[in-house]
Amino acid sequence: METVDIVVAVLMAIGLFFAFIGTLGILRMPDVFGRLQASTCISTMGTIFVILASIVYVVANGISGSVVVKLVFILLFVLGTNPVSNHALCKGAYRSVKPNPEPIIDDYKEDDPQ
Amino acid sequence: MKGFRFTAWLSTAIVCFLFWMLLTWSVAPRELLWGGLVSVVVAAFACRFFIHSSAFYLYNPVRLILLVFYCVIIFFWEIIKANVSMAKLVLSPKISYKPGILRIPGSPDLKSDYGIAMVSNCITLTPGTITMETAQDQEGRNYYYVHWIDVAETDRDKAGDAIKGTMERWIGRIWK
Amino acid sequence: MTVFLIGAIVCIILDLLLLYRVFRGPTAADRICAMDALDLVTALALVLYSLHTGRTIYLDIALVVALLGFVSTVFVGRYLERRL
């Protein structure tokens, strides 16, 4: 194997490991807030490192530049839209779900209930 | 059309045309003509959602270089630290943590919509914290309501420093 | 390259693990949280498979999958918040 292939494999393994961490967090956490926090691992480290491995592979093999642009766009869209959906889902869950480990401090309830 | 301004329209059209050129990846005259037409029409409808104040704010090369530097170095390092701590929490044999929702104060210099949105998105993207709401009190100070999965600090100011780290100072150099 | 095929298969296995939470999850918010993560992992699997086969049409599909998952999650979040 060449050096580039080893670099690509290592980067992709890091990304898939953190995607696995996020999946395990979604399966193991006790309530929905913990699951939302764990699922952020997939959208940050998992996506960043898998796309980075793909970009290294594409650049080293001299495939067309439009592929690199599309990969960068996928990364930018995921990093730009995922926090918005997480925030909307967290606010929705706050209104409808009872948290399982009770929050030790809750400023949101005191300050503006609706 | 309500709220239409020429500078906002021009700036949005330039960004739309750049997106078109990067996605089609060709410089044939037919592609450029259609791209220009479509981006002009789309920008006329979309500019009032994107730009409310100074239209050419981000066309400054210093700010663009700072933005790229922030995204590649500072933000990436924060994400790696937070991810490793989240991995430790998930892989521990018995999961136990103390969640909490804190009201942390924002920086007084950062008042524009894009700046507040970028700070709250960066807080949400680090695993372990989610911004639930941003608010503004009568004196014009900004607050972020942050759900923190493992509360280490119940004092609001110190918790704000621990959550935001150096991110807000760097974003304050990019946005007003 | 074979590495990409292995990566895509790992992504599909993670998808199956996430489907357990989608079927099991006690509340609607749990299901939607798992569906959002499933969208992202599917997009990653499509990216890796497109590099394995060398057909770039899968990259466009990955872009659309990542964007549409965001829209549906925001809608269900607003619904749970009783604003819709």
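What follows draws every value from the coordinates through simple rules; no lab data is involved. Everything quoted here is computed from the prediction, not taken from an experiment. Cβ placement follows ideal geometry from the backbone for every residue including glycine, while neighbour counts extend to all protein chains displayed.
In debye, nearest 20, what is the charge dipole magnitude of the protein assembly as shown about its Cα centre with +1 on Lys and Arg Cβ and -1 on Asp and Glu Cβ, if you could check? Working shown, then result.
Numbers: 32 positive and 28 negative charges, 102 e Å.
Dipole of the protein assembly as shown, to the nearest 20 debye: 480 debye.
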Rounded to the nearest Å, the spacing of the alpha-carbon centers of region A:1-58 and region B:19-58 is 33 Å
Restricting to lysines and to Cα separations under 19 Å from residue B:81, and discarding same-chain partners fewer than 8 apart, the set is B:158, B:164
Rounded to a whole number, the mean other protein chain Cβ count within 10 angstrom for residues of A:64-76 is 5
Under the Karplus relation with 6.51, -1.76 and 1.60 and θ = phi - 60°, whole-Hz ³J(HN,Hα) for region A:60-68, x at Gly and Pro, equal 5, 8, x, 6, 3, x, 5, 5, 4
Taking the alpha-carbon centre of each part, the distance from region A:91-105 to region B:89-157 in Å is 16 Å
Residue B:44 and residue B:84 label points (each 7 Å along its Cα→Cβ direction) are spaced in nm at 5.5 nm
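Please state the relative contact order of chain B as a whole percent: Cα pairs under 8 Å, 6+ residues apart? Before the final figure, lay out each step's value.
Working: 177 pairs, mean separation 38.8, N = 176.
For chain B, the relative contact order is 22 percent.
Evaluate peptide B:98-110: per residue, the Cβ atoms of other protein chains within 10 Å of its Cβ; return the mean as an integer.
Numbers: counts 5, 12, 7, 13, 5, 6, 1, 0, 0, 0, 0, 0, 0.
Partner-chain Cβ atoms within 10 Å, mean over residues of B:98-110: 4.
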In degrees rounded to 10, the 0-90 angle between helix C:57-80 Cα long axis and the longest Cα principal axis of chain C is 10 degrees
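Hey, what number do you get for the protein assembly as shown at 222 nm if only DSSP H runs of n ≥ 4 count, each worth -39500 (n - 2.57), divided across all residues, to the nearest 500? Write down the numbers at each step before the final one.
Values: 15 runs with 258 residues, N = 374.
Taken over the protein assembly as shown, the calculation gives -23000 deg cm²/dmol.
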Looking only at lysines whose Cα falls under 21 Å of residue A:98's and that sit 8 or more positions away or on another chain, we get A:109, B:98
Taking Rh as the Kirkwood radius computed over alpha-carbon pairs of chain A and applying Stokes-Einstein at 37 °C with viscosity 0.692 mPa s, one gets a diffusion coefficient in µm² s⁻¹ of 200 µm²/s
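Can you give the % of DSSP beta bridges in the protein assembly as shown that are antiparallel, to the nearest 5?
Numbers: 13 of 14 bridges.
Of the beta bridges lying entirely in the protein assembly as shown, close to 95 percent run antiparallel.
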Expected integer from the mean partner chain Cβ neighbour count at 10 Å over B:126-139 is 4
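Starting from the exponent 0.38 and prefactor 2.2 Å, build the expected Rg for chain C from its residue count and divide its actual Cα Rg by it. Show your work: numbers first, answer last.
Details: Rg = 14.7 Å, N = 84, 2.2 N^0.38 = 11.8 Å.
Output field value: 1.24.
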Taking only the alpha-carbon positions of region B:37-176 as identical scatterers, the Debye log10 I(q)/I(0) at q = 0.12 Å⁻¹ comes out as -0.58
With +1 on the Cβ of every Lys and Arg and -1 on the Cβ of every Asp and Glu, the dipole magnitude of region C:2-80 about its Cα centre, in debye rounded to the nearest 20, is 120 debye
Between residue B:133 and residues 5 or more places away or on another chain, the pairs with built amide H atoms under 5 Å apart involve B:145
Note: the protein assembly as shown, point scatterers on Cα, Debye, no solvent; log10 I/I(0) at q = 0.06, 0.07, 0.08, 0.09 Å⁻¹ equals -0.24, -0.33, -0.43, -0.55
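If the viscosity is 1.567 mPa s and the temperature 4 °C, what translational diffusion coefficient in µm²/s does Stokes-Einstein give for region B:6-57 when Rh comes from Kirkwood over Cα pairs?
Details: Rh = 11.2 Å.
Here the translational diffusion coefficient equals 115 µm²/s.
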Given unit charges at Cβ for Lys, Arg (+) and Asp, Glu (-), the dipole magnitude of chain A about its Cα centre in debye, nearest 20, is 320 debye
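Which whole-number percent gives the relative contact order of region C:2-80, counting Cα pairs below 8 Å spaced six or more residues apart? Could you put the intermediate results ahead of the total?
Working: 77 pairs, mean separation 25.5, N = 79.
Computed over region C:2-80, the figure is 32 percent.
Calculate how many DSSP beta bridges within region B:60-174 are antiparallel, expressed in % of all such bridges and rounded to the nearest 5.
On the way: 13 of 13 bridges.
Bridges in region B:60-174 are about 100 percent antiparallel.
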Dipole check, region C:2-80, charges on Cβ (K,R +1; D,E -1), about Cα centroid: among C:73, C:5, C:40 the Cα furthest to the positive pole belongs to C:73
